[in-house]
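Single-structure report; data block below.
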Amino acid sequence: MILLWHRHGVDQPRNPWSDGPEFITQCPIRPGGNFTCQVILFEEEGTLWWHAHSDFDRATVHGDIVIHPKRGTSFPFNKPDKEIPIILGEWWNDDVEHVLDEAKRTGGDVEPADANTINGQPGDMFPLCSRDDTFKVAVQQGNTYLLRIINAGLTNDMFFAVARHRLTVVGIDARYTKPLTVNYIMIAPGQTMDVLLEANRTLGSNSRYHMAARTFITLPVDTIPFNNSTATAIVEYTDNAAARPAGPPEFPVLLPAIKDEDAAMAFVKQLRSLGNQDHPVHVPTQVDEHMLIDIDINFLPCDATNATNKSCKGPQGNRFAASLNNVSFESPAIDVLDAYYYGSGRGVYEEDFPNKPVAFVNPTGDNGGGPLLTKRGTKVKVLEYGTVVEVVFQDLSSENHPMHLHGFAFYVVGRGSGTFDERRDPKTYNLVDPLFQNTVSVPKSGWAAIRFRADNPGVWFMHCHFDRHVVWGMDTVFIVKDGKTPQAQMLPRPPNMPEC
């Protein structure tokens, strides 16, 4: 097995060498090899996670990172009585590498996972029943618990709720938020949320409640198979538990349905950064570089004369692809970071990723009413140090997309449905207390606008966190040049980098 490791959400200031994505910042670690990473934190505080960053390995190779307040400081809320990591994932009935290999071979779609999981335990198909082997969380009445929730799934946004309990969101992607008390959350792949759970139920005949995670799906489910499982765990009050019979756990009836787009958007739109004296908000107001990036699912023509390509299962016998501004990213044979560092980028990548969508028309003039053709390319965007960048993601694929940027957190200054209007929609931006995230969920057939200051020199990957879209090419790379001072320049190359 060949692995690479990414500390998701760790900014790694000046240190892209230990960021992890294969053929972007390093070559893979070969069997029997080793690589010592240097992990550098910046302003992160809360829950992040680590995962493999090669092919579909992160389906099972992942874990949590917990960053507590600095010594002498405290949480911006009452200290919880206990902290509990909750990792939402997926259960596959096949080796995910076999699934990936088949998808690459035929160009066919990736079938969804067979079930969702909470801390590794799969749930039953709805309607749910109690399971003796379900993961359990023991609580005591009157205590407050900090749930550190991570969506580690490859393919699914998820709703999450606890029966008869409200949840208070206090952090997202290791940045604090204004406390928001809700009946459920929606969390995209790659995102983390810090959520307070108060054990405030009156002790009676029932002391057991389901926490549940259910897929939120925006695909056209009438034609594409999808995961309709609900994963469960049990929250169990332990106060005098032996004196009470254990009844069946209650299910969270307010957990939204699988296709409830209104519920997902209603939750996301309420979230705000904390923005107090200890955790201020610094939204850039003057933008140097505007980018409008179309997100789409496309196809590539199959070579009918090639025996390995004749079984392509995409539209009209073509191969599925994905793109940003109609460029389907193609990983190079050596990593982009080394090529940039040694000034040998020619033949490895092209510095012409477009700021606006570029059309590519089928030379036959017939797209058959299906996805448009796209082109492969290793195109990157080069930024001067300190440039303020605004990226507007526009979905064309009729599906949500969790877009993740390595090396930075960014302000999500706006989002909406339909087509972005550059004259009207910026007037609706929140420049006071927008979320500060590393992964933004771009709504189906809608848009999301982010801003960040390019003050972290190096090579940084940006991609959809649905892994099937990563391998199909919904990616690009930002190269941030060195600044003028030593503290604004990339660290030297470590001597132990893996060889290609």
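Miscellaneous remarks
- Boolean, V471 is within 28 Å of F159 (Cα to Cα), of a type in the set (V, I, T), touching a residue at least 60 places away in the same chain (Cβ under 8 Å) and open to solvent by 30 Å² or more (accessible area, probe 1.4 Å): yes
- Some residue of segment 401-422 being of a type in the set (D, E, K, R), surrounded by fewer than 22 Cβ atoms within 10 Å (Cβ to Cβ) and over 25 Å from F42 (Cα atoms): yes
- In segment 400-428, the residues that are closer than 27 Å to T192 by Cα form Cβ pairs under 6 Å with partners that are of a type in the set (F, W, Y) and part of a loop (DSSP other than H, G, I, E, B), at six or more places apart or across chains, as follows: V413/Y429; G414/Y429.
Per-residue answers, yes or no, for (1) out of contact with any strand residue (DSSP E or B) (no Cβ under 9 Å at 6 or more places or on another chain); (2) surrounded by fewer than 22 Cβ atoms within 10 Å (Cβ to Cβ); (3) at pLDDT 95 or above:
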| residue | (1), (2), (3) |
| --- | --- |
| T238 | no, yes, no |
| A241 | no, yes, no |
| P249 | no, no, no |
| H290 | no, yes, yes |
| N298 | no, no, no |
| K313 | no, yes, no |
| Q316 | no, yes, no |
| A333 | yes, yes, no |
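- Taken together, I40, I87 contain a single residue that is more than 28 Å from N156 (Cα to Cα), of a type in the set (V, I, T) and either open to solvent by less than 80 Å² (accessible area, probe 1.4 Å) or not in a loop (DSSP other than H, G, I, E, B) (or both), which is I40.
- Condition broken by A448, with the remaining ones in (1) in a strand (DSSP E or B); (2) over 21 Å from H465 (Cα atoms) satisfied: (2)
- As for segment 428-438, it holds at least one residue that is assigned to a strand (DSSP E or B), in contact with a Ser or Thr (Cβ under 9 Å, 6 or more places away or on another chain) and surrounded by fewer than 24 Cβ atoms within 10 Å (Cβ to Cβ).
- The set of residues in segment 474-490 being touching a Pro at 6+ places or on another chain (Cβ under 7 Å) and surrounded by 19 or more Cβ atoms within 10 Å (Cβ to Cβ) consists of V480, M490.
- Which numbered condition M490 misses (of (1) over 30 Å from Q277 (Cα atoms); (2) out of contact with any Phe, Trp or Tyr (no Cβ under 9 Å at 6 or more places or on another chain)): (2)
Condition check ((1) in the same structural domain as P179 (by the TED database); (2) of a type outside the set (S, T, N, Q); (3) under 30 Å from I479 (Cα atoms); (4) free of Cβ contacts under 8 Å to residues at least 24 places away in the same chain) across all residues:
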| site | (1), (2), (3), (4) |
| --- | --- |
| P16 | no, yes, yes, no |
| D19 | no, yes, yes, no |
| C37 | no, yes, yes, no |
| A52 | no, yes, yes, no |
| F56 | no, yes, yes, no |
| D64 | no, yes, yes, no |
| V96 | yes, yes, no, no |
| E102 | yes, yes, no, yes |
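- Selected residue [open to solvent by less than 50 Å² (accessible area, probe 1.4 Å), within 30 Å of Y176 (Cβ to Cβ), modelled with pLDDT under 95 and part of a strand (DSSP E or B)] from T117, T47: T117
- Test: residue in segment 451-468 that is touching a helix residue (DSSP H, G or I) at 6+ places or on another chain (Cβ under 9 Å), part of a strand (DSSP E or B) and under 20 Å from T285 (Cα atoms): no
The values are calculated or read from the model by the stated rules, or taken from the named source; none is laboratory data. On a predicted model such as this, the values are computed, not experimentally measured, just so you know. In this analysis, Cβ positions are derived from the backbone assuming ideal geometry, glycine residues included, and neighbour counts consider all displayed protein chains. Surface accessibility is based on the protein's heavy atoms, side chains included, excluding ligands, DNA and RNA. Shrake-Rupley method; radii C 1.70, N 1.55, O 1.52, S 1.80 Å.
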